[in-house]
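To start, the structure itself, in structure tokens.
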Amino acid sequence: MNKEITVVAVDGPSASGKSTVSRRVAAATKDFIYVDSGSLYRGVTWKCIREGVDVRDTQEVTNLLIRMNMELFVENRAVRYRIDGVDPGQEIRGAAVRESVAEIAAQQPVRVYIVEKLRTMAAFGSLVMEGRDIGSVVFPDTPFKYYLDADPEERARRRSAEIKVSEGTDDVGAVLNALKRRDRKDATRATSPLQIALGAKIINSTGMGIEEVVQVILDDLRAAGAIPPAEA
């Protein structure tokens, strides 16, 4: 990794606040670009569904990866992509993708493919990248590694609120069960399981506001000289 490029790795389970915190950290800096690594796994899942590929069939999924083209680009200081010329947009946030993405994310060929894509993003500049294996696998050498967590019930409330806004449904119990299933799958998968990266700072955000968490990361970046001091 280029020494002039800084990567902030923000890992953690679903609905731990990674996305909101990472976006705000990137927005509070002058040049950092936000990356939602999970959106790439969702994109592959979306493509499988679109092409009628069985998400549980690793060989079929691998064949899809070989023939498809994921084009990365930066827009509004965030990395986005097109798959075979199509931007999947908000379709990757729908129920069909949400229910199948864990199957895709657990497959070794998919993780190898996505990790390679994520590492090439350093060519765009300094990054705030959120995911589940950013500090442990994708950029293990970055000194800025964070593991965000929160109590399962709090995470379920957060995710349920998001789904209510986008889909109009509100079932915290069902969301909690889904999160627990995803946690088990993420923690036990053979390739790049969810874990706390060596040297990562653990932040339990259950009783914290988003800005408090953001401030912890910004203070670390300023102390290391990765971003300018705060204005008085």
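Please treat every number below as a calculation from the coordinates, not as lab data. Bear in mind that the values here come from a model prediction, so they are computed numbers and not experimental data. Neighbour counts run over all protein chains shown; Cβ positions are idealised from the backbone, glycine included.
What to note about this one:
- Residue pairs, from the table Lys47/Lys180; Lys18/Lys201; Lys117/Lys201; Lys30/Lys117; Lys47/Lys145; Lys117/Lys180, whose Cα atoms sit over 22 Å apart: Lys47/Lys180; Lys117/Lys201; Lys30/Lys117; Lys47/Lys145; Lys117/Lys180
- Selected from Ala178, Ala78, Ala197 as most flexible by GNM, with the chain as the system and alpha-carbon contacts under 10 Å: Ala178
- Three-way shape call for the chain based on the alpha-carbon gyration tensor, with the a/c threshold at 1.5: oblate
- Neighbours of Tyr34 by Cβ distance under 13 Å: Lys/Arg scored +1, Asp/Glu scored -1, total +1.
- Burial ranking of peptide ranges 203-210, 135-142 (average Cβ count within 10 Å, highest at the top): 135-142, 203-210
- Take the chain and mark each of the trypsin sites (Lys or Arg not before Pro) that is in a DSSP loop with at most 15 other Cβ atoms within 10 Å; the longest unmarked stretch, sites excluded, is 57-232.
- Sorting Ser192, Ser22 from the fewest to the most surrounding beta carbons within 10 angstrom yields Ser192, Ser22.
- Gyration tensor verdict on segment 89-134 (Cα atoms; rounded if a/c is under 1.5, prolate if a/b is larger than b/c, oblate otherwise): oblate
- Restricting segment 1-98 to GluC sites (Glu not before Pro) that sit in a DSSP loop and have at most 10 other Cβ atoms within 10 Å of their own Cβ leaves Glu4.
- Near the amide H of Val74, within less than 5 Å, lie the amide hydrogens of Arg80, all on another chain or at least 5 residues away, with H placed in the peptide plane.
- Positive-end extreme of charge dipole, segment 1-94 - chosen from Gly43, Ala28, Thr62 (charges on Cβ): Ala28
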